[in-house]
Amino acid sequence: QVQLVESGGGLVQYGGSLRLSCAASGRTFSTYNMGWFRQAPGKEREFVTTISSTGDSTYYADSVKGRFTVSRDNAKNTVYLQMNSLKPEDTAVYYCAASRRVLSTAPERYTYWGQGTQVTVSS
């Protein structure tokens, strides 16, 4: 079992930056593909980005491509989400998730989830 804890959320102005972290427990972190999702009030959870277990492959939603960067440090059992040029529409609770299935944008393919961290972008 993997436990995930996100951190790094907060309030930022339009155009600002934040870096989210997701720390994982256990010795098998390096075997999991990791994803970031977000959920705004009244909306469904949506895919943001995913990174393979080795970090060699990444995929981004069109809405964040060129602004967000996902990375991981398997020695530290941590995955990161660097968010630049933030917009008010990026406001949401951000979740990290772990999966041993092939890289996917579908939340139902992820087995373990963190509790989420709030990101609020003011205009």
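The values are calculated or read from the model by the stated rules, or taken from the named source; none is laboratory data. This structure is a prediction, so every number in the text was calculated from the model and none was measured. Neighbour counts run over all protein chains shown; Cβ positions are idealised from the backbone, glycine included. Just so you know, the surface numbers come from the protein's heavy atoms only, side chains and all, with ligands and any DNA or RNA stripped out. Shrake-Rupley method; radii C 1.70, N 1.55, O 1.52, S 1.80 Å.
What residue, of Tyr80, Tyr59, Tyr95, Tyr14, is more than 21 Å from Val121 (Cβ to Cβ) and at pLDDT 95 or above? Reasoning before the result, please.
Working: Tyr80 fails: more than 21 Å from Val121 (Cβ to Cβ); Tyr95 fails: more than 21 Å from Val121 (Cβ to Cβ); Tyr14 fails: more than 21 Å from Val121 (Cβ to Cβ).
Testing whether each residue is more than 21 Å from Val121 (Cβ to Cβ) and at pLDDT 95 or above leaves just Tyr59.
When segment 60-70 is limited to residues that are open to solvent by less than 50 Å² (accessible area, probe 1.4 Å) and assigned to a strand (DSSP E or B), the one that is farthest from Arg19 (Cα to Cα) turns out to be Tyr60. All of (1) touching a Phe, Trp or Tyr at 6+ places or on another chain (Cβ under 9 Å); (2) open to solvent by 50 Å² or more (accessible area, probe 1.4 Å) hold for Asn33 with one exception: (2).
Evaluating Asp90 against the criteria (1) modelled with pLDDT of 95 or more; (2) surrounded by fewer than 19 Cβ atoms within 10 Å (Cβ to Cβ) leaves one unmet condition, (2).
Please work out which one of (1) surrounded by fewer than 16 Cβ atoms within 10 Å (Cβ to Cβ); (2) assigned to a loop (DSSP other than H, G, I, E, B) is the condition Ser53 fails and give its number. Checking Ser53 against (1) surrounded by fewer than 16 Cβ atoms within 10 Å (Cβ to Cβ); (2) assigned to a loop (DSSP other than H, G, I, E, B), the one that fails is (1).
If you go through segment 16-50, how many residues are assigned to a strand (DSSP E or B), hydrophobic (A, V, I, L, M, F, W, C) and under 14 Å from Arg100 (Cβ atoms)? Give the derivation first.
Step one: filter segment 16-50 for residues assigned to a strand (DSSP E or B), giving 18-24, 33-39, 46-50.
Subset that is hydrophobic (A, V, I, L, M, F, W, C): 18, 20, 22-24, 34, 36-37, 47-48.
Still in the list and also under 14 Å from Arg100 (Cβ atoms): 24, 34.
So the answer is 2.
When restricted to residues that are hydrophobic (A, V, I, L, M, F, W, C) and touching a Cys at 6+ places or on another chain (Cβ under 8 Å), segment 22-36 contains 3.
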